[in-house]
1. Using a Debye calculation, one point per C-alpha and no hydration shell, please list log10 I(q)/I(0) for segment 366-409 at q = 0.15, 0.21, 0.28 Å⁻¹ in order.
2. Based on alpha-carbon positions alone, could you give the equivalent ellipsoid semi-axes of segment 277-422 from the gyration tensor, as √(5λ), descending, whole Å?
3. Which value, in Å to one decimal place, does the Kirkwood hydrodynamic radius take for segment 62-150 when every pair of different Cα atoms is included?
4. Any chance you could run the full-extension gain for Ala366 through Asn124? It's 0.36 nm times the residue separation minus the Cα-Cα distance, nm to one decimal.
5. Counting other C-beta atoms within 10 Å, and keeping those with at most 15, which DSSP coil chymotrypsin sites (Phe, Trp or Tyr not before Pro) do you find in segment 67-133?
6. Would you please name the trypsin sites (Lys or Arg not before Pro) within segment 335-416 that are DSSP coil residues with at most 16 other C-beta atoms within 10 Å of their C-beta?
7. What spacing in nm lies between the two simple spin-label points modelled at Arg132 and Gln241, each 7 Å away from Cα in the Cβ direction?
8. How large is the accessible surface per residue of segment 44-156, computed with a 1.4 Å probe and reported in Å² as a whole number?
Amino acid sequence: MRKYAVLFLCSLGGYGTLFAAPEKGANRPPSSTSPAHHVWNAAGPLTAPSSDSAAAIAQRFLVSSTAAEFGLSEADLASVYLVKEYRSAHNGVTHLIYRQQFEGYDVHGSEFTVNISAGGEVLNAGGALYSRPQTSAPTLESAGAAARIAVKVVNAAADSSYLPAENAPGKGAKTMKFLRGGLGAAIEGQPVWYPAGRQLRAGWAFYQLDGTGHMYYRTIVDAEKQAVVKNTRLGAYQNPQPPRGLVFLESPQPDPKLGTLSTSRPYVERTLVSFAGDPQASPRGWVAGTETAGNNTITGHNPVGNRLEPEPVTAKSATRDFSFPLQLGPGAPTPTSFKDAATTNLFYWINRTHDFLWHAGFDEAAGNFQVDNFGRGGVGGDPMYAYSQFGVARPGIALLDNASFTFNFSSEDGFPGYVRMYLAGDRPNNIFSDGSYDAGIIIHEY
């Protein structure tokens, strides 16, 4: 099994690392991509007692200690404002929570807390603060396109039909509300700065219900790149929905039954099936999170196809329901319009083949493809990488009419395998089929 070094770090605000000050005022955060840290002194408070107000003590601490720790200028420090102040009655500690704004827009993820004793001493402090951004602020013109991108992540089924239109001001002074347009509720968008390492970039934060109408998500979209930066589910189910998806149980046009005279092969509908996997062959199931990736395979789109990408572009579903739209047959759009449906079908059949072969004897000890072998022999760290629509957009000439399996570096256990599925068809008449929907081809390559 290939071994990986893993470093576990405690974090505050989702962006930083926890550090201890061995002596009063001795903390210095090491160089990192994130400025978040926590300062405390095991020997006692960070500052001497004071009769000043808690707000005045905290402000003085921000200027004298925190600004230097984060490399903030006087202008940067002016962006910090007090959000909340409250006192714990049982010990007299006052808690002050600060955030940042630049050009009137909040910094998403910026939060700094100072805790002050009843005697006016700074006990500890921590959080994340940032220097002034070097890019332009988010514009209202970028909101509509960003909203549609956010919808695609959380409500994939509504993506093609959703046309964002501003409805009314949101709850805050700088928020916008977009018409629901077939969604469970209207979308609220807020222009923000978001951290990209130590730098701030302009973005939009959208709050929307998923397709079930039961769970809200916050989606951060880069205003300039128009790309999702982070998607966060704002809650959790006690019993999460088991993963499932729409797939073909054989192919879109199955072979006629033996003894049946047929002059055509009609198209069939996909079937909604569980992605839970066989409990013996796949103890962790097929889906590790909310995308077509798990212990057995990482499956995704690779249209360029000029090399074997370590991480394919997986299909994602916040609800773990991989039921993506698909049209086939005469008059249907090009298969490349439905890459998530193709990836989902390929993911299903790679996993199903894994489980079938496990029971047939191609298990961990025999050298099968898995990240974790669960102590059942063999060498782990070798999932199957599977690529849908491989090379269809390759520069120069598309890669078509093929399917393949290969391995990297070595055929020995512990090295991953690679399955590549292509489009095939009639180029002059622009009629194509997708191998990712054909179970027979996928099983043959595995």
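1. Scattering profile of segment 366-409, log10 relative to I(0): -0.55, -0.77, -1.02.
2. 27, 18, 12
3. 15.0
4. Extra length from Ala366 to Asn124 when fully extended: 81.7 nm.
5. Values: sites: Phe70, Tyr81, Tyr86, Tyr98, Phe102, Tyr105, Phe112, Tyr130; in loops: Tyr130.
Of the chymotrypsin sites (Phe, Trp or Tyr not before Pro), not one in the loops of segment 67-133 has a Cβ with at most 15 other Cβ atoms within 10 Å.
6. On the way: sites: Lys339, Arg352, Arg376; in loops: Arg376.
Within segment 335-416, the qualifying trypsin sites (Lys or Arg not before Pro) (loop, at most 16 other Cβ atoms within 10 Å) are Arg376.
7. Rounded to a tenth, the inter-label distance reads 4.7 nm.
8. Value returned for segment 44-156: 45 Å² of accessible area per residue.
The values are calculated or read from the model by the stated rules, or taken from the named source; none is laboratory data. Everything numeric here is computed off the predicted structure, so don't read it as measured data. Don't worry about glycine lacking a Cβ; one is built from the backbone with ideal geometry, like all the others, and counts go over all protein chains shown. Keep in mind that these areas ignore ligands, DNA and RNA; they rest on the heavy atoms of the full protein, side chains included. Shrake-Rupley method; radii C 1.70, N 1.55, O 1.52, S 1.80 Å.
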